[in-house]
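Everything below concerns the one structure shown next.
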Amino acid sequence: FAVIGAAIISGAVVERMRFSAYIIFIVIWSLLVYAPICSLGPSGWIEALGAKDFAGGCVVHMSSSVSALVLAKLIGPRIRHGKKEEAQPHNVPFLILGAALLWFGWSGFNGGSALAADSVAALALINTYQAAGSALIAWTLLERWRYHRWSSVGAVTGAIVGLVAITPSAGYVTPISACLIGLISVVLVYPSFQVNSGIDDSLDAFPCHGVSGFVGTVLTGFFAKQGGLFYGGGFHLVGVQLLAALAVAIFAASMSMLIYGAMRLCMRIRVSAEDELDGLDEVLHRQLAYTPVKPYGPPGARIDVEADPGGAASSGDEDDLSESTESSGLADDGLIVDHKHTSLSLRVLSAQTV
């Protein structure tokens, strides 16, 4: 659970925070913020009041996302923040794959919080999938209504919102209530994604985890089978849940500001503008996600890309292509490998192909 909190924080400060500063912040945050909030659980004062947090809606999602928002505000936005091309997803298939892995991992996240293979664990698992599925549908319908389109990015965002929202109540509500929590959470959380606060929360850590965690924590007071408002328990549990959520948010925010302030006295937290523009993968880690040029032949191999400006290949090109095909024995859509000269020649026969 602590590792999840660290990952959520990283999503708000990517591309501008020094890696060493991030590691130090997470170590201190885990000891001074996460650990004390965990003590609000078993035998803690909030639990003594009767608050319910089945799998960490407050402890994990709210604490880390509030800290992430504070850190993003104090560090400042990225240099390129606000540019349209920077706001686009880097790789949609990977985004979908990551969301699928998260959804699968939530099976253990919520189901495992029962601490036993029993009916409570089964209920938590069912509720997790119910809430995520209903939230996914609700988000796509909202997008369709507002933008007249469907999107896979919106669908997986809705699923994550539902997963976060059901986390505090996964073992305390019925499957029907879980569906309603998923639907209601999307309706309440969706507007927070549209707010332009000026804070560069790179991956929307706060609306996705903070607002969703807050909504899910409060909704637990309405839908919990024991003590919930809709089950005759009155407003006591709703009030206690609200108190727990606010206490966690205030504590996480204030402690995160103190940690950041103390670190600034000792070290530089943000990278230089030049390093940020060059990219932190290369500057800090001496690696790139993608190799710009990668030869696919033996040492000294050459890749030639030729195109006729007129849009058609000359007769000489066609003769060369025919000869190369015969000598190498390999030709597929203009890709010819000449084994004799250990070179790779890519011939583009028309501008249309390019």
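The values are calculated or read from the model by the stated rules, or taken from the named source; none is laboratory data. No experiment lies behind these values; they were computed from the predicted model shown. When we count neighbours, we look across all protein chains shown, and the Cβ atoms used for this are built from the backbone with ideal geometry, even at glycine. We work out accessible area using only protein heavy atoms, side chains counted, and drop any ligands, DNA or RNA first. Shrake-Rupley method; radii C 1.70, N 1.55, O 1.52, S 1.80 Å.
Between I23 and L115, what is the FRET efficiency for a Förster distance of 22 Å, r being their Cβ-Cβ separation, to the nearest 0.05?
Between I23 and L115 the formula returns 0.10.
Dipole size in debye (nearest 20) for segment 84-224 around its Cα centre, Lys and Arg Cβ +1, Asp and Glu Cβ -1?
340
When the Kirkwood hydrodynamic radius is evaluated over all pairs of different C-alpha atoms of segment 19-178, what value in angstrom, to one decimal, is obtained?
Final number for the Kirkwood radius of segment 19-178 is 17.8 Å.
Using R₀ = 22 Å, calculate the FRET efficiency as 1/(1 + (r/R₀)^6) where r is the Cβ-Cβ separation of V153 and S107; round to 0.05.
My answer for the efficiency is 0.45.
Label-point separation (nm) for A35 and F230, each offset 7 Å from Cα along Cα-to-Cβ?
4.0
Using amide H atoms built in the peptide plane, which far-off residues or other-chain residues are under 5 Å from A170 H to H?
Amide H to amide H, under 5 Å and 5 or more residues apart or across chains, A170 pairs with F54, A55.
Counting heavy atoms of the protein chains only and a 1.4 Å probe, report the per residue accessible area for segment 100-212 as a whole number of Å². The partial results should precede the final answer.
Details: 4950 Å² over 113 residues.
The answer is 44 Å² per residue.
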